[in-house]
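Taking it in order: structure first as structure tokens, then the write-up.
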Amino acid sequence: MSNDYLHAPIDHDSAESLAAGGLRLDLVDTADAAQFGSWLQAEARGFHDGAASDETIAGQVAGLAYRRTTGVWDDSAADAVSPVATVSSWSTPVTVPGERAIDAWAVSAVTVAPTHRRRGIARAMLEAELRTAHSQGVPLAMLTVSEATIYGRFGFAPAVMAADWKIDTRRARWTGPTAHGRLNFITVDQLKEQGPAIVEKVRLQSPGEIKPWPLFWDRALGLTGSEAERPKNLRVVRYDDAAGEPQGFATYVVNEVPGDVFGHSLEVRIVSTATDDAYAGIWRYLIEMDLVGDVIAPLRAVDEAFAWQISDFRAATKTRQRDHLWTRILDVKGALEARRYSAHGSIVLEVSDPLGFAEGRFLLSIADDGTAQVTQWSGDAPDNAAIVALGVNELSALYLGGVSAATLARSGRITELHSGSASAIDASFRSPVTPWLSIWF
């Protein structure tokens, strides 16, 4: 998709509703370093971060200019230059089942100053984002959330879960495959050069993964800000297969644990592997690290293979499991036809959507090869069709194949109009690979 979204006009309805309360919704000129810098400081304040240094702001101004950056201003405030609310967005590919990708509207940096709560600002901004995305022909919106109670009212729902893992290396003898390649220490600069090609190999393997944005690598490797702010103990290893082809990498830090006889814990920052061989090679390396008692691995998939590759299943525990990626379907036909399905059949979806984007009765016809066609449906359902009534939230949760329709039916979130419809949906929508998003945005 082109970057036309950068120049789309501000949503009229939201601008009018905020103007009635003495507030101004407007785009930020990201080429204006002073205006963009003020917006970035307001975003940092919204997430309770400290004031960013001039060097950090300069790097963000250069690295985030590709995003559509929006703010809300109170021109009567003491600091009228700084926005009282922020949001940014961009169009980016997200992986869907079938190792395919679809354009999605990524929403980020949603903040409202505590001085301006309960004035309809968040609603106006988010509805403006959805209307703008829809006007640009983007079939899906998505975000990673810090607060899970906000976004359901706008049609978003959790579609990808994540887990924080802890591996007790005292108990975890490696029993998995023996990798056939080799590991090499490389520098941060080498990874910045070589890592994108590896990540691109990996990206289409997991529904929910997105294409890293330009500033991602600098942030992930601690290259933003001043030299003094950069991590000194970050280690990087690359895995090359038996033919010498790079197939994965890991970044991690090792921290001292006072009073622990093993002495250290290892915190995984990134593990990206394109093959099962690379996965085994890198995780064995991390788990067998000398003088390390625990391996801490946040933001991983909920069903990691390493739990089955060690001698004691209980040595690998999930210290936390949570929702991570929330999705919101804007175009039912465009979204559902883009992915592939695990079982053929006919499914009638009676979708309600208070905002109107996805409202309707749709027939999803899935062929033997997993491709599908979606049509507006007003007649009788085909024989043996699954039929359900559900909201756009529930359809959005099901979309990537990681949420069970049967569970949603039992919870009262989906109504089966033909008995057994939820199970039929699960058979078709299920992703063979558990959805996972490895980063925040």
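The values are calculated or read from the model by the stated rules, or taken from the named source; none is laboratory data. All figures in this text were calculated on a predicted structure; none of them were measured in a lab. No Cβ is skipped: glycine too gets one built from the backbone with ideal geometry, and neighbour counts run over all protein chains shown. Accessible surface areas use protein heavy atoms only, side chains included; no ligands, DNA or RNA. Shrake-Rupley method; radii C 1.70, N 1.55, O 1.52, S 1.80 Å.
In the range 304-318, what residues are assigned to a strand (DSSP E or B) and surrounded by 21 or more Cβ atoms within 10 Å (Cβ to Cβ)? Residues satisfying the conditions are I310, A316.
Only one of L221, L215 is under 30 Å from V94 (Cα atoms), at pLDDT below 95 and more than 17 Å from the chain's Cα centre (by Cα). Can you tell me which?
Values: L215 fails: more than 17 Å from the chain's Cα centre (by Cα).
Answer to the selection: L221.
Listed here are the residues, each with its yes/no results for (1) open to solvent by 20 Å² or more (accessible area, probe 1.4 Å); (2) assigned to a loop (DSSP other than H, G, I, E, B).
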| site | (1), (2) |
| --- | --- |
| V236 | no, no |
| Y239 | no, no |
| G248 | no, no |
| V253 | no, no |
| Y285 | yes, no |
| V302 | yes, yes |
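Filtering the range 24-49 to residues that are hydrophobic (A, V, I, L, M, F, W, C) and touching a Phe, Trp or Tyr at 6+ places or on another chain (Cβ under 7 Å) leaves only V28. If you check V28, V81, V61 for being more than 25 Å from the chain's Cα centre (by Cα) and among the β-branched types (V, I, T), only one passes: V81. Residues in the range 311-337 that are under 15 Å from E359 (Cβ atoms) and in contact with a helix residue (DSSP H, G or I) (Cβ under 8 Å, 6 or more places away or on another chain): R328, I329, L330, D331, V332.
Of the residues T86, T56, the single one that is more than 30 Å from S428 (Cβ to Cβ), out of contact with any strand residue (DSSP E or B) (no Cβ under 9 Å at 6 or more places or on another chain), open to solvent by less than 60 Å² (accessible area, probe 1.4 Å) and of a type in the set (V, I, T) is T56.
In the range 30-84, what residues are among the basic types (K, R) and outside any helix (DSSP H, G or I)? Answer for the range 30-84, where residues must be among the basic types (K, R) and outside any helix (DSSP H, G or I): R67, R68.
So which pairs qualify, if the first residue must be in the range 79-102 and at positive phi, the second must be open to solvent by 10 Å² or more (accessible area, probe 1.4 Å), the Cβ gap must be under 7 Å, and the two must be at least 6 apart or on different chains? Taking only residues 6 or more apart or on different chains, the pairs are G98/R340; E99/L204; E99/Q205. Among the residues here, K192 does not qualify as part of a loop (DSSP other than H, G, I, E, B) and open to solvent by 30 Å² or more (accessible area, probe 1.4 Å). Taken together, the residues in the range 114-136 that are in a loop (DSSP other than H, G, I, E, B) and charged (D, E, K, R) amount to 3. The range 325-441 holds strands (runs of 3 or more DSSP E) entirely within its bounds, and those carrying 1 or more residues that are open to solvent by 20 Å² or more (accessible area, probe 1.4 Å), in contact (Cβ under 8 Å) with a residue 60 or more places away in the chain and closer than 21 Å to L140 by Cα map to 345-352.
Table: residues versus (1) on the phi < 0 side of the Ramachandran plot; (2) open to solvent by 10 Å² or more (accessible area, probe 1.4 Å); (3) of a type in the set (G, A, S).
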| position | (1), (2), (3) |
| --- | --- |
| A122 | yes, yes, yes |
| H134 | yes, yes, no |
| R153 | yes, yes, no |
| A162 | yes, no, yes |
| W174 | yes, yes, no |
| H180 | yes, yes, no |
| K201 | yes, yes, no |
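I need the full set of residues from the range 262-271 which are of a type outside the set (V, I, T) and open to solvent by 10 Å² or more (accessible area, probe 1.4 Å), in order please. Reasoning before the result, please.
Kept after step one, since they are of a type outside the set (V, I, T), are these residues of the range 262-271: 262-267, 269.
Answer for the range 262-271, where residues must be of a type outside the set (V, I, T) and open to solvent by 10 Å² or more (accessible area, probe 1.4 Å): F262, G263, H264, S265, E267, R269.
None of S108, S146 is of a type in the set (S, T, Y), outside any helix (DSSP H, G or I) and modelled with pLDDT under 95 except S146.
Against the definition (open to solvent by 10 Å² or more (accessible area, probe 1.4 Å), under 20 Å from V188 (Cα atoms) and in contact with a helix residue (DSSP H, G or I) (Cβ under 9 Å, 6 or more places away or on another chain)), how does A297 come out, yes or no? Quick ask: steps written out before the conclusion?
On the way: open to solvent by 10 Å² or more (accessible area, probe 1.4 Å): no; under 20 Å from V188 (Cα atoms): yes; in contact with a helix residue (DSSP H, G or I) (Cβ under 9 Å, 6 or more places away or on another chain): yes.
Answer is no for this residue.
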